[in-house]
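What follows is calculated from the coordinates using simple rules that are stated; it is not laboratory data. Not measured: the values here are computed from a predicted model. No Cβ is skipped: glycine too gets one built from the backbone with ideal geometry, and neighbour counts run over all protein chains shown.
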Amino acid sequence: MRAHALPHHRARILPTLVLLAGAFYCLVPVAWVVVAATKSSTELFSTFTFAPGTALLDNLRDLFAYGDGQFLLWAANSALYAGAGSAASTLISTLAGYAMAKYDFRGRTVLFYAILAGVLLPGMTLAIPQYLIMSETGLVGGYWSVLLPGLISPFGIYLARVYATASVPDATLEAARIDGASEYRILGAIGLRMMLPGMVTIFMLQFVGTWNNFLLPYIMLSDESKFPITVGLYTLLSKGSSEPALYGIAIVGAAVSVIPLIALLLFLQRFWRLDLLSGGLKG
Amino acid sequence: MRIKGVSGPIAALGLAVLLAACSSGTNGGAGSTATQAAETGPVTLQHWCWSAGQKLKVEAFNKAHPNIQVRLTDAGGGTDTAAKLLTAGRAGNAPDTACLEYQTLPAMIVAGALADISAHTADVKDAFSPEVWTLTSFDGAVYGIPQDVGPMVMVYNRKRFDELKIEPPATWEDFAKVAADVREKDPEAYLATFAPAEFGNFAGLAQQAGASWWKIQDMTWTVGIADVPSLEVAGFWQGLIDKDLVKAEPLLTPEWNNQLNKGKILSWPSALWAPGVLYGIAEKQAGDWAIAPLPQWTKGDSRVAFQGGSAIAVTKNSQHAQAAATFAKWMNTDKAAYDIQIAEGEYPASLAGQQATSSSPPPKLVANQKDYWEIAAKAAQSTIPHISWGPNVSTAQSAFQDAAAAAVRDKTPLAEALKKTQQTVVDDMKATGFKVAGP
Amino acid sequence: MSTQAGARGSRAPYLFVAPAVLLFVAFLAVPIGYAVYLSARGLRLTGKGIFGTREEVFVGLDNYARTLTDPEFLAGFGRLALYGLISVPLTLGAALLFALLLDHAGSRARRFSRTAIFLPYAIPGVTASLLWGFMYLPSTSPFSYLTRELGLGGIPFLDGGGIYPSLANIAVWGGVGFNMIIIYTSLRGIPAELSDAARIDGASEWRIAWHVKIPLVAPALVLTGLFALIGTLQVYGEPTTLKPMTTEISQSWVPLMQIYRDAFLRDDLPLASAASVVLAVGTLVVSVVLLRITQRRAFGGMQ
């Protein structure tokens, strides 16, 4: 916490109340899904919304039994798309951002504006052309069709450039060069190390974005066993209209799938450097 | 089928090389079967279907056919499966077979996605009634084997009917009277729902009244979505909506399910698959419900249309058309298969399957109705012989759903919604290059 | 930023950007090019088959003419504008307010509030829409339950004009925390001496916020505003998830829903491609205009 002088105490109550109201507003739906996860499908519609139900264990059993453990498969897929995809994407973005910040090379300006345009372009308008390209190459329906488009993140590259500019001093690089280190050694020993907090931030943003992504996997995939959690839960819901028992499973699934992400956010909250994100914009 | 003229530019950009390198590790899925040369070992077929009993049926088939192994994928409901099949077909990686709702078949044929399997179907043609067989055969070509059908009936909450001392209506005129009666006796309850998204239901009701939404003669189409019988049906429901005698809102939403559970929605004019659906929502009401013949426009008639139901079709992508046809035939004519269907609450399309129902217990929702299968069989025998769907049913469906929802919401006439749908459908067909009679 | 003479001519930077460039070309440039190409094509009937078969031909600007004269497509932008007018200012306003309060030394429970308000960011849009959907439906809504108990009747969350605030609320709920964190971290970057000096001069906390803090975090506000705007143009998942619950939302309610419908339900990829191109160009234009009127305070550029 920042050490602030506290000149007067009178303004304490109102700000605190407003903040708590905001916290309450944000927590109500989360509380709802946790309570709803304890209800049977009849209780869902017949008891008061926030009254706990009696079917939590049954619901959990149904969830993990659904389609021979399909939910776990979806969770594993989500972890693959978001985890492996974001790790690779972070590395690619960091390399490109570092090069754009720390080297002068032909085509750098063109590349920068292309990346900027990519940041501004709605990713979703690309989903359909990307689907067609994937179709042409026969990759549609496979893991790569979701992983590959996620590897390129113009915003990640843009951020990496900001972080590299802010956290890797030119003088350090020059000193290393004078010592005779190769560019690749400099990158490994100095650049990546200094950019680590920035990389964590890029990874987090990319991870959450991919984990929450819906349209791309929804369009690309048709085999349930390759679905990530978002698409899996959506299909449960849309099937719920003819098999309403699935509503219950979808709700428990939503509750369960939120937990690891919240834990990850709480854990990584202290490591990430969003301040650089806005700080870098002043330049 | 690949889109022409595209692979050139991609190759030029070097993309193909990049992607080919990446693809080496992926599971080729359906596409990989295409590259197999001679068929030596067992054939593996990819099959897409969403329905409940499908998994058991496929397992039974695999057990009975060591040389044809089928891998089942659930690609979403009827609409999603059809949409994905079209795009996958273009990309050349469609499965060998897929379940398709009858109304989507013409669009699939026009898109060139399905194989004509008439060379393999001579031995099963007589396993189906002519009305059912026409659902998948067009002008001598056969594009699928009928799986289940949905002759229309009225499903109603008999317990609540008895409490309110009302009888299932025999005609639509009676239906309106009973609807008013229900509102009077229990102001919170409705006899039925008018759901603007239920395109197939409205189409079925219009067909019962004599409508013909698509006709083709000498390669010229006539579209009758706003023909006289359809407008009359729209007018009938309009009257009920205006007087608040039916509930005008979407079906099968959490809200609707809740009302149904409370006994505030008393019937659902739909089809033979409905008891299974309702059982999933209102398990507690098992035994309370029953079916009755669908109300008629003229007293003494017994005309009904089909609503829903699906066939198993073989795609043009398939390199194993014969094995695929064997699979489709077995799934829809073998005793083991239709026994599973009946147990799951599906009404089989084959005659033998329909006969087998008489010795089965009624579905759980209607467990106390002794004459359930009798009424079901009667409905199946009363279906209108020829049902014609057009090449752009999905366009009609989305246009109808939006227009009808807007009509219900803005209190504008349903008839206008039909006319708007008709116009959208005709414009779309003309833009594609079909010859269409009329404006 | 500076460059190094020693690094000039080295192959290293090209190797570093190579994967990004390759992927950029493969998954952004080529799809865009392909979409443009496809938007000039159309599926037309040929005589083959019993009904005929649809095949691809060149149709010029036909699809663009159809897209730009389609009243539904244009109405989708109108609905989007109305939705954005509610959601964007509310998201940014609430995010700024919470960020200022977090930065305000007098507030208590800051750590808890910050985490709680940030939490919805971790919840996928589809799940969020489902949660709120249940809270809107008359029979499961706790809010309508309360108003009914008070004798006021239910709240029409999903009927009539109520759909706009209801949908915007989902966006605000999901977006406020992330934007709050960006603004907050930006506020923490302001040297404490600036505020302290103003405080010694007798300025109230609100005056300090208004005259010292907000101007200094303007770049962060532009950035968050831009993302909120782009996010608005891309609205798809929320109305799609709520659609089965209400007759208010049609299949072409927002442009992306219509694009999806044309591409996948109506099997008209060329038309959908043309609409995609129109939407992408529209977004770029809006973004550039926004950046211009904010005098390019964000994104710096390459000096």
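Return the tail of the calculated pair distribution for segment A:108-267, meaning the percent of Cα-Cα pairs more than 18 Å apart. Spell out each step's value before the answer.
On the way: 9001 of 12720 pairs.
So the pairs more than 18 Å apart make up 71 percent of the total in segment A:108-267.
By the gyration tensor of its Cα atoms, with a ≥ b ≥ c the square roots of the eigenvalues, what is the shape of chain A: rounded for a/c under 1.5, prolate for a/b over b/c, or oblate? Don't skip to the end; give the middle numbers.
Numbers: a/c = 2.59, a/b = 1.40, b/c = 1.84.
Since a/c reaches 1.5 but b/c is at least a/b, the shape of chain A is classed as oblate.
Name the most mobile residue of C:Arg111, C:Arg292, C:Arg266, meaning the one with the largest mean-square fluctuation, in a Gaussian network model of chain C with Cα contacts below 10 Å.
C:Arg111
Return the inverse of the average 1/r over all pairs of distinct C-alpha atoms in segment C:70-144, which is the Kirkwood hydrodynamic radius, in Å to one decimal.
After inverting the mean inverse Cα-Cα distance, the result is 15.4 Å.
Given labels modelled 7 Å from the Cα in the Cβ direction, how far is it in nm from A:Arg108 to B:Lys55?
Result: 5.8 nm between the two label points.
Could you give the length gained by full extension between C:Leu22 and C:Val281, i.e. 0.36 nm per residue of separation minus their alpha carbon distance, to one decimal place? Don't skip to the end; give the middle numbers.
On the way: separation 259, 0.36 × 259 = 93.24 nm, distance 2.32 nm.
Full extension of this stretch gives 90.9 nm more.
Above 18 angstrom, tally the Cα pairs of segment B:201-256 and express them as a % of all pairs, no decimals.
The answer is 49 percent, as a whole percent.
Using the Karplus equation 6.51 cos²θ - 1.76 cosθ + 1.60 (θ = phi - 60°), what ³J(HN,Hα) coupling, rounded to whole Hz, does each residue of segment C:81-96 give in order, writing x for Gly and Pro?
5, 4, 4, x, 4, 7, 6, 5, x, 5, 4, 5, x, 5, 4, 5
Just counting partner chain Cβ atoms within 10 Å, what average do the residues of peptide A:211-223 show around their Cβ?
Per residue, the average neighbour count from other chains is 6.
Only Cα pairs within less than 10 Å get springs; with that Gaussian network setup on chain A, which residue of A:Leu120, A:Leu196, A:Leu17 has the largest fluctuation?
With Cα springs under 10 Å in chain A, the top fluctuation among A:Leu120, A:Leu196, A:Leu17 is at A:Leu17.
Contact order normalised by length for segment A:13-132, with contacts defined as Cα pairs under 8 Å and 6 or more residues apart; what percent is it?
Reported as a whole number, the value is 12 percent.
Quote the charge dipole size of the protein assembly as shown about the Cα centre in Debye, to the nearest 20; the model charges only the Cβ of Lys and Arg (+1) and of Asp and Glu (-1).
Once rounded to the nearest 20, the dipole reads 3320 debye.
Taking all pairs of distinct Cα atoms, average 1/r, flip it, and tell me the Kirkwood hydrodynamic radius of chain B in Å to one decimal place.
Answer for chain B: a Kirkwood hydrodynamic radius of 23.2 Å.
Towards the positive end of the charge dipole of chain C, with charges on Cβ (+1 Lys, Arg; -1 Asp, Glu), say which of C:Pro71, C:Thr115, C:Ala272 has the farthest Cα.
The Cα lying farthest towards the positive end belongs to C:Thr115.
Could you compute the net charge surrounding B:Lys63? Neighbours are other residues with a C-beta less than 15 Å from the C-beta of B:Lys63; K and R count +1, D and E count -1.
+1
Under 12 Å from the Cβ of B:Leu365, count the other residues' Cβ atoms, weight Lys and Arg +1, Asp and Glu -1, and hand me the total.
+2
Does segment B:241-316 come out rounded, prolate or oblate by the C-alpha gyration tensor, with a ≥ b ≥ c the root eigenvalues, rounded set by a/c under 1.5 and, if not, prolate when a/b is larger than b/c and oblate if not?
In terms of gyration-tensor shape, oblate.
Beyond 21 Å, what share of the Cα-Cα pairs of segment C:155-239 is found? Please give it as a whole percent.
Details: 1726 of 3570 pairs.
Of all Cα-Cα pairs in segment C:155-239, 48 percent lie more than 21 Å apart.
Any idea what the dipole of chain A comes to, in debye rounded to 20, about its Cα centre with Lys/Arg Cβ at +1 and Asp/Glu Cβ at -1?
It comes to approximately 1020 debye.
May I ask for the angle, rounded to the nearest 10°, between helix B:393-410 and the longest principal axis of chain B, with both axes built from Cα atoms and the value confined to 0 to 90°?
For helix B:393-410, the angle is close to 30 degrees.
Select from C:Ala128, C:Ala203, C:Ala220 the residue whose mean-square fluctuation is largest in a Gaussian network model of chain C (Cα-Cα springs shorter than 10 Å).
With Cα springs under 10 Å in chain C, the top fluctuation among C:Ala128, C:Ala203, C:Ala220 is at C:Ala203.
Where a ≥ b ≥ c are the square roots of the eigenvalues of the C-alpha gyration tensor, would you call segment C:1-122 rounded, which needs a/c under 1.5, or, failing that, prolate if a/b is larger than b/c, or oblate? Display every interim value, and only then the final one.
Values: a/c = 3.24, a/b = 1.39, b/c = 2.32.
Oblate shape, in that a/c is at least 1.5 and b/c is the bigger or equal ratio.
About its Cα centre, how strong a charge dipole does segment A:22-167 have in debye, to the nearest 20, once Lys and Arg get +1 and Asp and Glu get -1 at the Cβ?
Charge dipole, segment A:22-167, about its Cα centre: 620 debye, nearest 20.
What angle, in degrees between 0 and 90 and rounded to the nearest 10, separates the Cα long axis of helix A:245-268 from the longest principal axis of the Cα atoms of chain A?
Tilt relative to chain A: about 30 degrees.
Among B:Asn67, C:Ala197, B:Ala328, whose Cα projects farthest towards the positive end of the dipole of the protein assembly as shown, with charges put on the beta-carbon of Lys, Arg (+1) and Asp, Glu (-1)?
C:Ala197
How compact is the protein assembly as shown by the rule of thumb for globular proteins, expressed as Cα Rg over 2.2 N^0.38 Å?
Numbers: Rg = 30.3 Å, N = 1025, 2.2 N^0.38 = 30.7 Å.
After normalising by residue count via 2.2 N^0.38 Å, the value is 0.99.
Give me the mean projected area, in nm² to one decimal, of the convex hull enclosing the Cα positions of segment B:238-393.
12.5
Given the peptides B:53-59, A:102-108, B:402-408, arrange them by the average over their residues of other C-beta atoms within 10 Å, most packed first.
Per-residue mean Cβ counts within 10 Å order the peptides as B:402-408, B:53-59, A:102-108.
Alpha carbon centre of segment C:251-291 versus segment B:367-385: separation in Å?
Computed from Cα coordinates, the inter-centre distance equals 48 Å.
Over segment B:304-426, consider all pairs of different Cα atoms and compute the Kirkwood hydrodynamic radius from their mean reciprocal separation; express it in Å, one decimal. Working shown, then result.
Values: mean 1/r = 0.0559 Å⁻¹.
It is 17.9 Å.
Can you give the Rg/Rh ratio of segment B:82-135, where Rg is from the C-alpha atoms and Rh is the Kirkwood radius?
Rounded to two decimals, Rg/Rh equals 1.01.
Which of B:Phe175, B:Thr104, B:Gly353 sits closest to the plus end of the dipole of chain B, meaning its Cα is farthest towards the positive end, when Lys and Arg get +1 and Asp and Glu get -1 on the C-beta?
The Cα lying farthest towards the positive end belongs to B:Thr104.
Return the loop-located trypsin sites (Lys or Arg not before Pro) in segment B:190-291 (DSSP other than H, G, I, E, B) with at most 13 other Cβ atoms within 10 Å of their own Cβ; answer none if there are none.
B:Lys243
Provide the per-residue ³J(HN,Hα) series for segment B:341-348, in order, calculated from phi with Karplus coefficients 6.51, -1.76, 1.60 and θ = phi - 60°, each as a whole number of Hz, with x at glycine and proline positions.
Coupling constants for segment B:341-348: 4, 4, 4, 8, x, 8, 9, x Hz.
Using alpha-carbon pairs under 8 Å, 6+ residues apart, how would you state the relative contact order of segment C:200-303 in percent?
26
Given the convex hull over the Cα atoms of chain C, what projected area results after averaging over all orientations, in nm²?
Answer in nm², one decimal: 24.9.
Report the rotationally averaged projected area of segment A:68-174 based on its alpha-carbon convex hull, in square nanometres.
Value for segment A:68-174: 9.0 nm².
Net charge around B:Lys411, counting only other residues with Cβ within less than 13 Å of its Cβ (Lys, Arg = +1; Asp, Glu = -1)?
Summing Lys/Arg as +1 and Asp/Glu as -1 gives -3.
Within straight cross-link reach of C:Lys213, meaning Cα distance under 27 Å, which lysines are found once same-chain residues fewer than 8 apart are removed?
Within the straight-line limit of under 27 Å, C:Lys213 reaches these lysines: A:Lys282.
Report, largest value first, the span of the C-alpha coordinates of segment C:169-303 along each principal axis, in whole Å.
Reported extents, whole Å, longest axis first: 67, 42, 18.
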